[in-house]
Amino acid sequence: ETTDNIDAGLRYTSGKIQAQGSVWYTRYSNRLASAYDIETDTRQYRNLGRVDKYGIDGSISYQPIPQLALYAFGSYMWSDIKDDVLNGVDGDGNPIYLPTAGKRESGAPAYNYGASARALLGPVDFGVTAKRTGGRYLYDTNLPLVLGGNQVYGAKTNAYWLVNLDARVNLEFLGLNDKTFFQLNVYNLFDTLYVGSFNTNISQSNSAPNAQIGAPRTVSGTISVQF
């Protein structure tokens, strides 16, 4: 696999605002996509030929007062497999090609965007982050999962939101030093059900891909003490 890359960006900074944006382009030759096979405990590679990827990324932060910081971010990516990919030969020795030309490479979302806010309220530092992740194609052919002549799953996973919270309480008011604090984290606040990861492939076989469901709502607390 070899690549040609180009990117450009702009950044703006003022007293309260920081913003940046960039555009990028990558051309892959002999693009090697990989997937982990849990049944054989091996990583399998496939050659997609030439693949062009390009996208935009941006973010902006705003701090109207020292006690409050706001942040927003987003990105969008285009992916284009240039040719149909050879997938063996038939009984007469004729090549078999899969319809991948013009399709998106599987496994990567087209977009992500979200926002976060952080507030400092006396000894309490509180933050919330929300992120939207777009759907991901299961196969490089961008076709749905069909088993036994029946469609059992769509062409790509569902988009989803994740919301996380965190809070830190400085325990100096208890007579401890200013490096001692209690940290509370809540991951997946609304207990969203989503596909975390899955093994992609060039096309569907006789079985569905292995997938991992994303972590459910998780709450953790930590006390950090410095002497």
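The values are calculated or read from the model by the stated rules, or taken from the named source; none is laboratory data. Being a predicted model, the structure only gives us computed values, none of them experimental. Virtual Cβ from ideal backbone geometry, glycine too; neighbours counted across all protein chains shown. Surface accessibility is based on the protein's heavy atoms, side chains included, excluding ligands, DNA and RNA. Shrake-Rupley method; radii C 1.70, N 1.55, O 1.52, S 1.80 Å.
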### Message
Where the second residue is among the basic types (Lys, Arg) and modelled with pLDDT under 95 and the first is over 17 Å from Glu105 (Cα atoms) and in a strand (DSSP E or B) and lies in the stretch 21-40, which pairs have Cβ atoms under 9 Å and are six or more apart or on separate chains?
### Response
Asp37/Arg43
### Sole residue being surrounded by fewer than 11 Cβ atoms within 10 Å (Cβ to Cβ), of a type in the set (S, T, N, Q) and either at pLDDT below 95 or under 19 Å from the mean Cα position of the chain (by Cα) (or both), chosen from Ser197, Ser203, Ser224, Ser207
Ser207
### Message
Under 6 Å between Cβ atoms, which residue pairs at least 6 apart in sequence (or on different chains) link something in the stretch 198-227 that is closer than 25 Å to Tyr160 by Cβ with a partner that is among the aromatic types (Phe, Trp, Tyr) and not in a strand (DSSP E or B)?
### Response
Gly214/Tyr194
### Task
Residue by residue through the stretch 115-155, note down the ones that are under 14 Å from the mean Cα position of the chain (by Cα), in a strand (DSSP E or B) and over 26 Å from Phe182 (Cβ atoms).
Arg132, Thr133, Tyr137
### Message
So Ser34 passes all but one of these: (1) within 30 Å of Gly9 (Cβ to Cβ); (2) more than 17 Å from the chain's Cα centre (by Cα). Which condition number does it fail?
### Response
(2)
### Message
Can you pull out every residue in the stretch 63-96 that is under 24 Å from the mean Cα position of the chain (by Cα) and open to solvent by 50 Å² or more (accessible area, probe 1.4 Å)?
### Response
Leu70, Tyr71, Phe73, Tyr76, Trp78, Lys82
### Query
Can you pull out the residues in the stretch 144-170 that are in contact with a Phe, Trp or Tyr (Cβ under 6 Å, 6 or more places away or on another chain) and farther than 24 Å from Pro109 by Cβ?
Ala167, Arg168, Val169, Asn170
### Query
Which number in (1) under 29 Å from Tyr194 (Cα atoms); (2) among the hydrophobic types (A, V, I, L, M, F, W, C); (3) in contact (Cβ under 8 Å) with a residue 60 or more places away in the chain marks the one condition that Ile56 misses?
(3)
